[in-house]
1. Within the set of pairs 6 or more residues apart or between chains, which connect a residue that is in contact (Cβ under 8 Å) with a residue 12 or more places away in the chain inside segment 1-23 to a residue that is among the basic types (Lys, Arg) and not in a loop (DSSP other than H, G, I, E, B) with Cβ atoms less than 7 Å apart?
2. Among the candidates MET120, MET150, MET170, which residue alone is hydrophobic (A, V, I, L, M, F, W, C) and closer than 24 Å to PHE48 by Cα?
3. Read through the list (1) crowded, with 21+ Cβ neighbours inside 10 Å; (2) of a type in the set (Phe, Trp, Tyr); (3) within 20 Å of ASP175 (Cβ to Cβ), then give the number of the only condition that PHE80 fails.
4. When only residues in segment 157-186 that are of a type in the set (Gly, Ala, Ser) and open to solvent by less than 20 Å² (accessible area, probe 1.4 Å) count, which is farthest from VAL96 (Cα to Cα)?
5. Quick check on segment 116-128: of everything there that is over 10 Å from MET142 (Cβ atoms) and free of Cβ contacts under 8 Å to residues at least 12 places away in the same chain, which residue is most open to solvent (accessible area, probe 1.4 Å)?
6. Quick one: which of VAL111, VAL153, VAL64, VAL59 is in a helix (DSSP H, G or I), open to solvent by 60 Å² or more (accessible area, probe 1.4 Å) and more than 21 Å from VAL184 (Cα to Cα)?
7. Mind checking which pairs have a first residue in segment 129-144 that is touching a residue at least 40 places away in the same chain (Cβ under 8 Å) and a second that is open to solvent by less than 20 Å² (accessible area, probe 1.4 Å) and in a helix (DSSP H, G or I), Cβ under 6 Å, 6 or more apart or different chains?
8. Being free of Cβ contacts under 8 Å to residues at least 40 places away in the same chain and open to solvent by less than 30 Å² (accessible area, probe 1.4 Å) is the requirement here; does GLY75 meet it?
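The values are calculated or read from the model by the stated rules, or taken from the named source; none is laboratory data. What you see is a predicted model, and the numbers here were worked out from it, not measured in a lab. Here the Cβ positions follow ideal geometry from the backbone for every residue, glycine too, while neighbour counts run over all protein chains shown. Calculation scope for accessible area: heavy atoms of the full protein, side chains included, ligands and nucleic acids excluded. Shrake-Rupley method; radii C 1.70, N 1.55, O 1.52, S 1.80 Å.
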Amino acid sequence: MSVSGIGELMTVAGLGVLLLGEWKGQGALCAVGKPIASLGFLVAAIGFGAFESDYGRVVFLGLVLGALGDVFLLGQARHFFIAGLVSFLLGHVAYVVAFASLGMNPVWAAVTAVAMLVLMVAIARWVFPHAPDMRIPIGVYMVVIALMCMAAVGAAGEGAPWQVPVGALMFTVSDIGVVRDRFVSRGFINRGVGLPLYYAAQLLIAWSIRAVG
């Protein structure tokens, strides 16, 4: 089996353990499954040639920051959530840089910008009443997500592989699940949908390293 295949298998297996832990409410299973799943997409990225190009190295940095964020979010305290938010924000910034380096179709980027503006305003109106003391960090995070999606779709308009926009958009949907679970309505449905989307997104972004070449 290839290195990337081993990484993908690690992510799938770890995700299974993580979902079981979330469903059963067993933190110990989550603490085992989540790091394995996150380590898996790092291993997959290495197998896809992460260190063989500037694009790969920047994407790998984003993946590492995502993995750190995953570990921070295992904690329930507010400071763990803030640390996870910062890690993911910096990871998204790395993805913006990586995707923008592939080129940018201005029309595709502009259309995405309008769509993301509508979406982010709707999310702000939905979430902000539940998190009045977190409006600024959540707002900054949403801006960076929007920039990531603009860069990803804009790059697709210039011929970037499909893994780039699909991975970015799936990541965005998974982030909405995190925000809903944290501030609006807790429940397994948020994680049961959001976690598979998140890990699939990270694997797709890792896969884009090979697809970009």
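1. Listed pairs, sorted by first residue: GLY14/LYS34; LEU18/LYS34; GLU22/ARG191.
2. Numbers: MET120 fails: closer than 24 Å to PHE48 by Cα; MET150 fails: closer than 24 Å to PHE48 by Cα.
It is MET170.
3. (1) is the only condition that PHE80 fails.
4. Residues of segment 157-186 that are of a type in the set (Gly, Ala, Ser), as a first pass: 157, 159-160, 167-168, 174, 177, 185.
Then keep just the ones that are open to solvent by less than 20 Å² (accessible area, probe 1.4 Å); that gives 160, 167-168, 174, 177.
Values: ALA160: 14, GLY167: 12, ALA168: 10, SER174: 17, GLY177: 21 Å.
Here the residue is GLY177.
5. ARG125
6. Working: VAL153 fails: open to solvent by 60 Å² or more (accessible area, probe 1.4 Å); VAL64 fails: open to solvent by 60 Å² or more (accessible area, probe 1.4 Å); VAL59 fails: open to solvent by 60 Å² or more (accessible area, probe 1.4 Å).
Being in a helix (DSSP H, G or I), open to solvent by 60 Å² or more (accessible area, probe 1.4 Å) and more than 21 Å from VAL184 (Cα to Cα) holds for just one of VAL111, VAL153, VAL64, VAL59, which is VAL111.
7. Pairs that qualify, where the first residue is touching a residue at least 40 places away in the same chain (Cβ under 8 Å) and the partner is open to solvent by less than 20 Å² (accessible area, probe 1.4 Å) and in a helix (DSSP H, G or I), are VAL144/HIS92.
8. Details: free of Cβ contacts under 8 Å to residues at least 40 places away in the same chain: yes; open to solvent by less than 30 Å² (accessible area, probe 1.4 Å): yes.
Yes, satisfied.
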